[in-house]
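The values are calculated or read from the model by the stated rules, or taken from the named source; none is laboratory data. Small disclaimer: the values here were computed from a predicted structure and weren't measured. No Cβ is skipped: glycine too gets one built from the backbone with ideal geometry, and neighbour counts run over all protein chains shown. With ligands, DNA and RNA removed, areas are computed over all heavy atoms of the protein, side chains included. Shrake-Rupley method; radii C 1.70, N 1.55, O 1.52, S 1.80 Å.
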Amino acid sequence: MRILSGIQPSGVLHIGNYFGMMRPAIALQDEGEALYFIANYHALTSLRDPQILRQNSRRVALDFLACGLDPNKASLFLQSDVPQVTELAWILSTLTPVSRLELAHSYKDKVARGVPPSAGLFTYPVLMAADILIYDSDVVPVGKDQKQHIEITRDIATRLNDNYGPVLKLPEPRIHARTEVVPGVDGQKMSKSYGNTIDIFGQEKETRKRIMSIVTDSTPVDAPKDPENSTIVQLYGLVASPVELQEMRERFRAGGIGYGEFKKELLDKLWEFFAPMRERREQIQADARYVDEVLARGAERANNISRPVIDRVRAAVGLTGRGT
Ligand code: ADP
Ligand code: TRP
């Protein structure tokens, strides 16, 4: 089974990225041949500072390795180190109805948030389809918000196969069930574009500040509290054991404890949860060449897989091969 996923280096990684994408992706490295890439072509749709793009790309690689990606099991590489992907994207774009892209909610959401409505942003799902199809991927682990992109990928692949014969493999999405959407400190979906994130590797002071700023209702300290819709409880559930979570829920209902107290407990658990990863990150940082070596090895592997696929597509559509 070949597993593929990508993440944009458009900012600093937060715990929504971790629970929604990174952790399930890392867990899958034991189940098959995993390929994970840093989607720097995609990031160009929203990031126009070359220095920051380079910095973020490296940092995402470092964070992924710190969080447990094992380069001996999974390949990690930059999207732009596999140029076949942009060639496939062009071929796929000729088969993609504009009307299909017009239905994509991520385009509308991003434009509404102020991302420039470039042709690249509009055809973002086509490049993503190429990312997936160029490696004959079987499974694509992503958060729920990316599900539509996988559907578009399957749709485009089907169109190509219908026209040219069975050339591309149809991938399956793998949406991580337990943590579909991680809430941010304001209770909305955690996202770097909403400024409501808790970063995986944030400084302790900053992390404390973010957690203390979690929005709560105005239930007095003594009164019973509802654990059902509490952001504190939801986040605690990600980092605490089931027993600890159950205890917090009961203490919410019992009353007598203020939200500030629960936030401190959340901070402690969260800090403890990511402690081994912080330590690993420091070790990796001590070796200046490590990240570059991992990315170079990953790119080589990814190129070896994608070259025969692009050759197959080129021949199928009539760019190569002899006519009769
Ligand atoms: P952001 O919303 O911060 O810009 P991205 O869109 O770059 O994050 O998401 C990168 C990956 O992390 C995707 O697979 C996405 O589904 C996942 N992800 C991002 N935010 C969350 C969240 N709040 N809950 C669950 N998964 C998330
Ligand atoms: N669009 C994804 C995101 O914003 C990143 C991405 C690009 C991706 N290409 C991909 C994810 C291919 C999975 C497979 O999170």
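Some points to look at:
- Cα-projected label distance for H105 with S118, points at 7 Å along beta-carbon direction, nm: 2.6
- Loop-located trypsin sites (Lys or Arg not before Pro) across segment 27-98 with a Cβ neighbour count of 10 or fewer within 10 Å are R48, with loop assigned by DSSP.
- Placing a label point 7 Å from the Cα of E87 along the Cα-to-Cβ direction, the residues of segment 129-159 with a backbone N closer than 17 Å are 130-136.
- Normalised contact order of segment 188-324, rounded percent, pairs of Cα under 8 Å and 6 or more residues apart: 20
- Extended-chain gain in nm, criterion 0.36 nm per residue less alpha-carbon gap, T216 and E261: 15.0 nm
- Cα long-axis angle, helix 147-164 against the chain (0 to 90 degrees, to the nearest 10): 10
- GNM flexibility winner over the chain from L295, L245, L78 (Cα, springs under 10 Å): L245
- Residues in segment 26-39 carry Karplus couplings, in order, of 5, 4, 6, 4, 8, 9, x, 8, 9, 10, 10, 10, 9, 7 Hz; the curve used is 6.51 cos²θ - 1.76 cosθ + 1.60 with θ = phi - 60°, and Gly or Pro positions show x.
- Distance between the 7 Å Cα→Cβ label points at K169 and D138: 0.7 nm.
- Rounded to the nearest whole Hz, the Karplus-based 3J(HN,Hα) values (6.51 cos²θ - 1.76 cosθ + 1.60, θ = phi - 60°) of segment 272-277 follow the sequence 5, 4, 8, 4, x, 6, with x at glycine and proline.
- Largest GNM mean-square fluctuation across V142, V291, V126, computed for the chain with C-alpha springs under 10 Å, falls on V291.
- What separates the Cα centres of segment 225-291 and segment 40-57 is a distance of 31 Å.
- With DNA, RNA and ligands ignored, accessible area of E293 (1.4 Å probe; Å², nearest 10): 90
- Anisotropy class of the chain from Cα gyration tensor, a/c 1.5 cut: prolate
- 18 Å Cα-Cα reach of K205 towards aspartates and glutamates, excluding residues that sit fewer than 8 places from it in its own chain: E261, E265, D268, E272, E279
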